[in-house]
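One structure is given below, encoded as structure tokens.
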Amino acid sequence: MPRKRILSQLYPSSLVMLVLSVVAVTWYSSHVAKGLYMRSAEESLLARARLCERYIAERSGGSRGAAVDSLSKELGRVSGARTTVVLSSGAVAGDSDANPRTMENHGDRPEIRRALAGEVGASVRYSDTDRRTTMYVAVPLREGDAIVGALRVSMPISLVEQRLREMYIRISIGGIAVALLAALVSYVVARRL
């Protein structure tokens, strides 16, 4: 009788502590993984933007209009990311996915404002053109020392979220497996005590 009483007192409390610990570690792991994955996606977009920036500087030769738009479309196909060239006025000169003449002025976009100020701009927000949440990275376009525009690359955040969901499932399955194993070990230890 005392043996059962000790088991019934020790095992439930240790099981609750164990489950809470596994849930906390799983949540924390998922949170850290999301931050790392989002940072990795942003760095990938920045690398694409830098490559596209050099390509546009070499190929456009200061030209505007159709040449920049066709370069944007070519770069969008090659890079696998939407590519947009915005002039210092905010007018869209080229876009890989849309007709730049039908697009509104982009001068108020946070990533474009930072790029036109000479910095790397990044943001995650809803795109009116694509009608979905998108990650943007923009870099300044220079002619000599002057900033003449911004080059922005973007991708839908749904692609990142899909990969994160797959990772969350794996982390959860691992957490459940650890919890079950620890519950079994805890039960054996409580019985022996």
Report task. For the stretch 137-155, name all the residues that are more than 14 Å from Ile56 (Cα to Cα), surrounded by fewer than 24 Cβ atoms within 10 Å (Cβ to Cβ) and in contact with a strand residue (DSSP E or B) (Cβ under 8 Å, 6 or more places away or on another chain). Result -> Met155
Query - Those residues of the stretch 48-65 which are surrounded by 16 or more Cβ atoms within 10 Å (Cβ to Cβ) and modelled with pLDDT under 85, in sequence order - result: Cys52, Glu53, Tyr55, Ile56, Ser60
Report task. Return the total of residues in the stretch 86-124 being over 25 Å from Val160 (Cα atoms), surrounded by fewer than 22 Cβ atoms within 10 Å (Cβ to Cβ) and β-branched (Val, Ile, Thr). Result -> 1
Query raised in the report: Do we find that Val68 is closer than 24 Å to Met38 by Cα, open to solvent by less than 80 Å² (accessible area, probe 1.4 Å), in contact with a strand residue (DSSP E or B) (Cβ under 7 Å, 6 or more places away or on another chain) and β-branched (Val, Ile, Thr) in this structure?
Result: no
Query raised in the report: So which residues in the stretch 83-98 are modelled with pLDDT of 85 or more and farther than 14 Å from Ala150 by Cβ?
Result: Ser96
Query raised in the report: Out of Thr129, Thr83, Thr134, which single residue is assigned to a loop (DSSP other than H, G, I, E, B) and surrounded by 15 or more Cβ atoms within 10 Å (Cβ to Cβ)?
Result: Thr129
Requested in this report: Could you please let me know if Met167 is in a strand (DSSP E or B) and either modelled with pLDDT of 80 or more or not hydroxyl-bearing (Ser, Thr, Tyr) (or both)?
Outcome: no
**Report entry** Subset of the stretch 177-193 [without any contact (Cβ under 8 Å) to a residue 40 or more places away in the chain, hydrophobic (A, V, I, L, M, F, W, C) and open to solvent by 100 Å² or more (accessible area, probe 1.4 Å)]
**Finding:** Leu180, Leu181, Leu184
Report task. Answer yes if at least one residue in the stretch 37-47 is open to solvent by 60 Å² or more (accessible area, probe 1.4 Å), closer than 22 Å to Ile169 by Cα and touching a helix residue (DSSP H, G or I) at 6+ places or on another chain (Cβ under 7 Å), and no otherwise. Result -> yes
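The values are calculated or read from the model by the stated rules, or taken from the named source; none is laboratory data. Given the structure is predicted, the values throughout are model-derived calculations rather than measurements. Virtual Cβ from ideal backbone geometry, glycine too; neighbours counted across all protein chains shown. Note: accessible area is taken over every heavy atom of the protein model, side chains too, but ligands, DNA and RNA are not part of it. Shrake-Rupley method; radii C 1.70, N 1.55, O 1.52, S 1.80 Å.
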